[in-house]
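Let me begin by presenting the structure, written as structure tokens, before commenting on it.
The values are calculated or read from the model by the stated rules, or taken from the named source; none is laboratory data. Since the structure is predicted, the reported quantities are computational estimates derived from the model, not experimental observations. Note: ideal-geometry Cβ built from the backbone for every residue, glycine included; neighbour counts use all protein chains shown.
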Amino acid sequence: MLQLVPIPAWDSIHPLIVHFPIALLIVAPLFVVLALLAPRSSRAFAAAALLLMTIGTAGAVIAVETGEAAAQLADRTPAVNEVLERHQELAELTRNTFLALTVVFAAIVIVPAMLKRRFSHGSVIAAHAVFLVLYLGGLFLLVNTAHNGGRLVHQLGVHSLL
């Protein structure tokens, strides 16, 4: 007989949610690079990068919210508190950084189309290159946030109530 599994509570789905934005936001800049390397398909690759960033950033917003709910249930020790606070600070900074990066990339992709204007290949490369450098900083935050989350689970034994 088929048994339905109940939908997990908001405060316990953080582990299910968090991996999607991590993966999507790590893959997105590869499509920015492909947009630079394949001029004929540049718009399609840039649109794919923007879509991945948008979904990944939305996932990061949800991950922060579910993480805050889950943190309320965590068994606290001084070590857990220290890592959890760092993880929360980094998560909020990471979310805000990717919100800003996604808006910037949307402008890079959408503004030329709205103006019905093609910019020189050199200016497109420069805009994408500057963006990728900024994005690298976002990835640094993302990886550090994930690392601290992993420390909570794998070193300190904090877990969800799934």
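I'm trying to understand the selection: among the residues of the range 117-159, which are of a type in the set (Phe, Trp, Tyr) and either assigned to a helix (DSSP H, G or I) or buried (at least 18 other Cβ atoms within 10 Å of the Cβ) (or both)?
Once the filter is applied, which keeps residues that are of a type in the set (Phe, Trp, Tyr) and either assigned to a helix (DSSP H, G or I) or buried (at least 18 other Cβ atoms within 10 Å of the Cβ) (or both), the range 117-159 yields 131, 135, 140.
For the range 1-47, which positions are closer than 30 Å to residue 114 by Cβ and of a type in the set (Val, Ile, Thr)?
Scanning the range 1-47 gives 26, 27, 32, 33.
Taking the range 1-22 on its own, how many of its residues are free of Cβ contacts under 8 Å to residues at least 24 places away in the same chain and either of a type in the set (Asp, Glu) or in a helix (DSSP H, G or I) (or both)?
Of the residues in that region, 1 qualify.
So, residue 50, is that one in contact with a helix residue (DSSP H, G or I) (Cβ under 6 Å, 6 or more places away or on another chain), closer than 24 Å to residue 112 by Cα, hydrophobic (A, V, I, L, M, F, W, C) and in a helix (DSSP H, G or I) or not?
Criteria met by residue 50.
Quick check on residue 109: is it surrounded by fewer than 17 Cβ atoms within 10 Å (Cβ to Cβ) and closer than 25 Å to residue 47 by Cβ?
no
Which one is farthest from residue 153 (Cα to Cα) among residues in the range 7-39 that are modelled with pLDDT of 95 or more and of a type in the set (Gly, Ala, Ser)?
Restricting to residues being modelled with pLDDT of 95 or more and of a type in the set (Gly, Ala, Ser), the top hit is 28.
Do you know which of the residues in the range 64-85 that are touching a residue at least 40 places away in the same chain (Cβ under 8 Å) and in contact with a Ser or Thr (Cβ under 9 Å, 6 or more places away or on another chain) is surrounded by the fewest Cβ atoms within 10 Å (Cβ to Cβ)?
So the residue we want is 73.
Do we find that residue 40 is out of contact with any helix residue (DSSP H, G or I) (no Cβ under 8 Å at 6 or more places or on another chain), in a helix (DSSP H, G or I), among the basic types (Lys, Arg) and surrounded by fewer than 18 Cβ atoms within 10 Å (Cβ to Cβ) in this structure?
yes
Residue 16 - would you say it is surrounded by 14 or more Cβ atoms within 10 Å (Cβ to Cβ) and within 27 Å of residue 144 (Cβ to Cβ)?
Criteria not met by residue 16.
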